[in-house]
Structures are given as structure tokens and as C-alpha cells.
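Report on the following structure.
The values are calculated or read from the model by the stated rules, or taken from the named source; none is laboratory data. As the structure is a prediction and not an experimental result, all values here were calculated from the model. Note: ideal-geometry Cβ built from the backbone for every residue, glycine included; neighbour counts use all protein chains shown.
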Amino acid sequence: MKLDRFISNNTPHSRQAARLLIASGRVTVADERVCDPRFEVDQFVAIRLDNTLLQYRPALFFMLHKPVGYLSATRDPQHPTVLELFPAELREELHIGGRLDRGSSGLLILTNDGSWSRRLTEPRVKLPKTYRVTTLRPISSDTAERFAAGIYMTTEQLTTSPAQLEQLGACECRLTIYEGRYHQIKRMFHAVGNQVDTLHRESMGAIQLDPALRPGQYRVLTAAEIASVDQPTAGSRSS
């Protein structure tokens with residue numbers, strides 16, 4: 001939003017009067033005087049008219065080690081949700097960027113910045129997401145090849161992007177996918193005659209689950225982790 005529109009929307013001043021206020025140097029953005037009425041501002045920057053604070057809403061970015069049994073939802077009448085792991089004053093602010101099933105665990109991102117979380121989960125960006133998977137039956141020798149070729153999803157009538165499977169044991173692997181379709185990994189293994197037992201997300205792009213976090217614990221994302229969402233990631237590609 002342009003600064004003059006913000007001023008007119010949040011004060012009794014008209015748009016024309018807002019331009020005069022800005023041009024006269026009475027408006028600061030992030031504690032810097034701005035005299036250009038067309039200056040673009042977002043919802044997370046501090047804006048003052050004279051000494052009156054018109055807006056200040058800090059951007060929040062958290063990684064959570066999601067435990068099994070918690071829903072990736074804001075509220076639910078039957079099951080605990082991941083928002084319940086945060087203080088009450090934060091729950092109304094946060095939303096989830098890239099959900100996990102109730103039976104899955106691992107890295108979950110929560111933020112109040114909608115445009116940032118859309119970039120994190122935008123399907124066209126094909127951000128790599130890596131999971132540690134255990135299966136009920138031994139992983140067949142051709143599974144990696146079939147996942148790399150793509151698995152046809154009948155519901156969506158499309159083939160998944162090539163995925164990379166690293167075998168860790170007879171019934172265990174590390175799998176990297178580039179989408180996040182409904183129950184995608186479970187459906188991929190079902191397509192090759194197997195069944196997922198446990199699913200644990202290790203990373204999304206360059207953001208890796210902090211090994212110091214126990215299930216149910218969270219921490220603030222670092223500046224580098226936040227910035228990584230707007231930077232090319234090895235293995236990611238646009239369609």
C-alpha cells in the first residue's frame with residue numbers, strides 16, 4: 001500500500017491532505033523520515049505521524065517440532081492442535097505454512113506474514129521438502145526409480161514431480177518431494193504396494209528442523225532462515 005493511502009485510511013485526513021503531511025516531513029517509516037507519498041509500506045513496518053504511532057505489528061516466524069497426535073489447525077473440538085503449544089496471546093496471530101497430518105511429526109512453520117508463507121508453500125516454486133519415512137513392508141528395489149519417474153495421482157489426474165529416495169534401511173528412507181498434495185507420500189507408497197508407518201518432516205527448503213528442539217518445542221526463525229524463502233534453493237525449480 002502507498003504511504004498516502006495508508007495515512008488517509010488510518011487518520012481523519014484526506015488523501016490530498018496526507019500527501020501534504022508526508023511532503024512536509026511529518027511522517028516516519030521504520031523511524032526514517034519519508035517524503036514520498038507513493039512510498040510502499042507493508043503491515044509490519046512502524047509508521048508515525050508526528051509522534052503518534054499509527055501502526056506497529058511485528059512479523060512473527062517460528063519453527064515448531066510438531067509432535068504426533070496434534071492437528072495442524074487453529075482449533076478442533078476433539079483433538080489438540082499445534083496452536084495450543086503456543087502462548088494464548090500468539091494463537092490469534094499465527095497461521096500454519098505447510099501442514100502435517102495428525103499422525104506425522106517434525107518441522108512445522110508458523111507465521112503471521114501471509115505473503116511470506118505463500119512463497120514458502122507456492123506449488124509453482126517446487127520447494128524441496130524432506131521427510132524421514134518408515135514403512136510397514138520392505139521398500140522394493142524399484143521404488144526409488146518409480147518415484148523419480150513420478151507417480152500418477154488419479155484424483156488430480158497428474159503425475160507428481162520427480163522425487164528423490166535415499167534408502168536408510170529395509171523399511172526406512174529419506175524422501176524429498178517438491179509438492180505438498182493431500183497425503184501425497186502415503187499415496188505414493190500405496191501406489192508401489194507399500195504403506196507408510198511413520199512420517200517425520202526434516203526440512204522445507206533451506207529451513208531444517210533444529211535438532212535441539214524436542215517434540216512440542218519451538219523457536220524463532222533466524223534472519224537467514226526467513227530470507228532463504230526468497231532465495232533459490234538447490235534442487236528447487238520453477239515450472
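Overview of values
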quantity: Hits in the range 118-150 - residues which are aliphatic (A, V, I, L, M) and modelled with pLDDT of 95 or more; calculated: Val133, Leu136, Ile139, Ala144, Ala148, Ala149
quantity: Members of the range 184-219 that are without any contact (Cβ under 8 Å) to a residue 40 or more places away in the chain and of a type in the set (A, V, I, L, M, F, W, C); calculated: Ala206, Ala212
quantity: Residues that are of a type in the set (Gly, Ala, Ser) and surrounded by fewer than 19 Cβ atoms within 10 Å (Cβ to Cβ), drawn from the range 188-207; calculated: Ala191, Gly193, Ser203, Ala206
quantity: Conditions (1) assigned by TED's automatic domain parsing to the domain that holds Thr135; (2) modelled with pLDDT under 95; number of the one not met by Glu32; calculated: (1)
quantity: Residues satisfying the stated conditions in the range 56-92, i.e. under 25 Å from Leu127 (Cα atoms), modelled with pLDDT under 90 and out of contact with any strand residue (DSSP E or B) (no Cβ under 7 Å at 6 or more places or on another chain); calculated: none
quantity: Positions within the range 142-187 being surrounded by 15 or more Cβ atoms within 10 Å (Cβ to Cβ), out of contact with any Lys or Arg (no Cβ under 9 Å at 6 or more places or on another chain), of a type outside the set (S, T, N, Q) and not in a loop (DSSP other than H, G, I, E, B), in sequence order; calculated: Ala144, Arg146, Phe147, Ile185, Lys186
quantity: Subset tally (residues that are under 23 Å from the mean Cα position of the chain (by Cα) and of a type outside the set (Ser, Thr, Tyr)) for the range 166-193; calculated: 12
